[in-house]
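The values are calculated or read from the model by the stated rules, or taken from the named source; none is laboratory data. Note that the structure is predicted; figures quoted are calculated from it, not measured. Cβ: placed from backbone, ideal geometry, glycine included. Neighbour counts: every protein chain shown.
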Amino acid sequence: MIYVEFTALCSYFEQLEKTAKRLELIAIIQELLSQTPTEELEPVIYMVLGQLGPKYDEPNLGIAERMAIEALRNAAGVSSKKANEVLNQVGDLGEAARILLSKERSSSLEMFLGGDSSVYSAKLSVRQVWNRLLDIALLTGEGSAKMKIRSLTKLLVDLDPIGAKYVMRLVMGKMRLGVADMTVVEAIARAYLGDKELKPIVEQAYFKRSDLAEIAIMAKEQGVEALKSVRVEPGRPVQCMAAQRLSDPEEILEKLGGSCQVEYKYDGLRFQYHLDKNGHARLWSRRQEDLTPMFPDVINALKNALGNAPIIVEGEIVAYDYEKDRIIEFQTLMQRRRKYGIEAKLEEIPSKSFLFDILYVDGKDVTSLSLPKRRELLARHCSCSKKTELSTSEIVSNVDDFNEFFDQAIDANCEGIMAKDISTKSVYEAGARGWLWIKYKADYRSELADTFDLVVVGAWFGRGRRGGYYGTLLMAAYDPESDTFPTFCKLGSGLNDEDLEYLKTELEKLRVPDKPKNVSSELEPDIWVEPKLVMEIVATEITQSPIHMVTDEDGNRLALRFPRFTGRYRDDKDPYDITTVQEIRELKKLRIQNRD
Ligand code: ATP
C-alpha cells in the first residue's frame, strides 16, 4: 500500500533507529522508497537524512532549544519544571516530546488553542509536515520567535507522540538515524534501478547536483539514462574533487606517468564560485556551506575577473599582506569566517584568491575535459588582478624540478604542493579522492608528523585546572565501508583555554544521551556527542593499541600516539570527509616504508 501519512513514515524511522547495520539500513530505505509516491519523495529523502532541504540550501528554522521546550510545554500542557524533569531524565527532546505527549493532554492546551479542538484529529501527510516546518523558517523579524513557538506548538498538537518525537528531532537537527548520503544513494539504486551495481551512476549524478531528492525523483521517473546525462550547473554546488597523498616525489612522478603539473598548495579555504544564469553569484565551502555573506570582497574580485557569463570555478582563499606581497597564515583567515562584524574585518584582513580549476563555462559542463584543457579555459576566462590569480603551476618531469618547485612553494608560505595528472584521463572527478591529484606536504618530509582530520564522538569531564570543562575528547576516523566512526585516539593535548570554552558550548549542542549508533567504541566517555565537530590532529606515530577500533588489514587495532590538536577546527569538512580507515592504513604502510 502506498502511504503518505507522516505517522507511517515515522514507523520507518523507528525501524532505522533500531539498527546500525549498513545493509539493514539500506534495505529499510529501499522498502520505504518503493512505497513512496513521487510527490512525497522530496521531503521523505530530506527527512531520512535528518534535513529539511539539500545541505547547500537547507532552510534555517531559527528555533533554539529553549523555544522548542516552550512549544513542547504548551503542546503537552505541562509546567516548565515537569518538562525539564523529563528532559533531564531522557536527555533527548524528541524522546521527551513522545513521553510528555503520550500523557493525556491537559486543559491548558485547549486554552492555548483558544478552544479549537478540530486540530486534534489532523492526519498530516509528510509534505504537510514539511511545509509547516518550512513556513516556520520563513518567519523572521520582530515577534517571530513567538510565532515560531506557536506554529511549532500547533504542529506538535497535530501529531501523534511518535510523530512529535521525530519532528522535535528534525527541528533540533538531531535525527539520530545514522543514515549517510551514500546509504541513500545505494537504496535509490536498488529501489529504482533494480540493481545495486548501478550505485556509481546514482553517486556520480548526486556528486554533480548535490541534491539527493532531485536524484531520487529522476531515478524513479526517468531511469539510468537520465542520471548518466546529468551535468553540473551554476547555482548548484558540485562535490569537490579530493587528493591522495604520497611522501616520495619519485613515487608521485611514477604514479602520474613520469610528468605532471605541480601547483602551490595554498593553506587557506577552498571555495567553489558560481555565477548562475540570473547573474546570481555564490561562494560555497567544500562542505557546501554558503560563504557568500562572509566574503563580499572575494565575490567582487571574482566577478571582475570572470565576467558576467555563467561559470563555475574553484580555488583557495588566503589572507594576504599586499604591502609585503605575502600570504598570511591560515589562522588569520579564519577570523574572516564569521556571521557578524564582517565589514570591520574586510580591511583588517585582506584576502586573495588563487584559482585552480574550472567546471563550467561557455554554457557547458567542462568537467570531462583533461586538466590541461581546463587550465587553458581557466586562463582564457580569467582576467587576473591583484586580488585574483591563477594558482602558481609548472609542468615537471624529474625529481629535481619537483623538489625545487616544492621549496619555492614553502618559501611562498604554502603548505606544500599538489601534483596533478595531465594525461587525457585527467578529468574533474566530482566527489572522488582518486590518484589524479596527489598532495605532498612539508610534514611528510620530516619524521615529525602527519595531520589527521578526526571527529569528536565523546568527552570526559576535566579535573583540576580543567574543572567545569571537557578535558579529554574521544576522537574517531571514518570507515566508508561500514559507514561507521571507529575511535582512533583520546585527545587532551593542544587545547588552550579558548578551545576549552568553545568545546564546552559546541559539545553541549551536540550532546546525545547514549552512544550514537554509527560510532564504534569500547570506551565509555562521560558524554557522547553526534559525530559532527571535525578537528585537525597531529601525532607522532600510528601504533597498535587494543583500546581503539580502527584496524589494519589484518584486524590489528590501531591508535594515534601522542595526538595533539593543531588549533584548527575543520568546519569546512563534513564528518564523512574526514580521514578514513583506508587512508590510515596507507599512511601506516608509508611510515614503515620510510623508516626502512
Ligand atoms: P588538507 O587537510 O591536506 O588540506 P584536505 O583533506 O582538506 O587536505 P585534499 O583534497 O586532501 O583536502 O587536499 C586538497 C586540498 O588542498 C583542497 O581541498 C584545497 O583546499 C587545497 N588546495 C590548495 N591549493 C590547491 C591547488 N592548487 N589545487 C587543489 N587543491 C588545493
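For residue 367, the criteria (1) more than 11 Å from the ligand (Cβ to nearest atom); (2) surrounded by fewer than 21 Cβ atoms within 10 Å (Cβ to Cβ); (3) not in a helix (DSSP H, G or I) hold in every case but one, which is (2). Within segment 513-538, the set of residues being in contact with a Lys or Arg (Cβ under 6 Å, 6 or more places away or on another chain), more than 19 Å from residue 483 (Cα to Cα) and within 16 Å of the ligand (Cβ to nearest atom) comprises 536, 538. State whether the residues of segment 272-290 include one that is among the charged types (D, E, K, R), over 30 Å from residue 187 (Cα atoms), surrounded by fewer than 23 Cβ atoms within 10 Å (Cβ to Cβ) and within 13 Å of the ligand (Cβ to nearest atom). No, every residue in segment 272-290 fails to be among the charged types (D, E, K, R), over 30 Å from residue 187 (Cα atoms), surrounded by fewer than 23 Cβ atoms within 10 Å (Cβ to Cβ) and within 13 Å of the ligand (Cβ to nearest atom).
I'm trying to understand the selection: among the residues of segment 400-431, which are aliphatic (A, V, I, L, M), touching a residue at least 60 places away in the same chain (Cβ under 8 Å) and surrounded by 15 or more Cβ atoms within 10 Å (Cβ to Cβ)? Hits for segment 400-431 are 409, 417, 418, 419, 422, 427, 430. Considering segment 421-446, the residues that are aliphatic (A, V, I, L, M) and modelled with pLDDT under 95 include one that is farthest from the chain's Cα centre (by Cα), namely 442.
The set of residues from segment 478-515 being in a helix (DSSP H, G or I) and under 22 Å from the mean Cα position of the chain (by Cα) comprises 499, 502, 503, 504, 505, 506, 507, 508, 509, 510. Just for segment 528-562: of the residues that are out of contact with any Phe, Trp or Tyr (no Cβ under 8 Å at 6 or more places or on another chain) and crowded, with 22+ Cβ neighbours inside 10 Å, which one is farthest from residue 285 (Cα to Cα)? The residue in question is 542.
Please work out if residue 236 is in a loop (DSSP other than H, G, I, E, B) and not assigned by TED's automatic domain parsing to the domain that holds residue 515. For residue 236, the condition - in a loop (DSSP other than H, G, I, E, B) and not assigned by TED's automatic domain parsing to the domain that holds residue 515 - is met. Within segment 13-26, identify whether any single residue is over 17 Å from residue 517 (Cα atoms) and either touching a residue at least 60 places away in the same chain (Cβ under 8 Å) or in the same structural domain as residue 94 (by TED's automatic domain parsing) (or both), and answer yes or no. No: zero hits. Per the listing 266, 192, the residue uniquely hydroxyl-bearing (Ser, Thr, Tyr) and more than 16 Å from the ligand (Cβ to nearest atom) is 192.
Just checking, does segment 447-467 include any residue being within 11 Å of the ligand (Cβ to nearest atom), modelled with pLDDT under 95, more than 21 Å from the chain's Cα centre (by Cα) and assigned to a strand (DSSP E or B)? There is at least one residue in segment 447-467 that is within 11 Å of the ligand (Cβ to nearest atom), modelled with pLDDT under 95, more than 21 Å from the chain's Cα centre (by Cα) and assigned to a strand (DSSP E or B).
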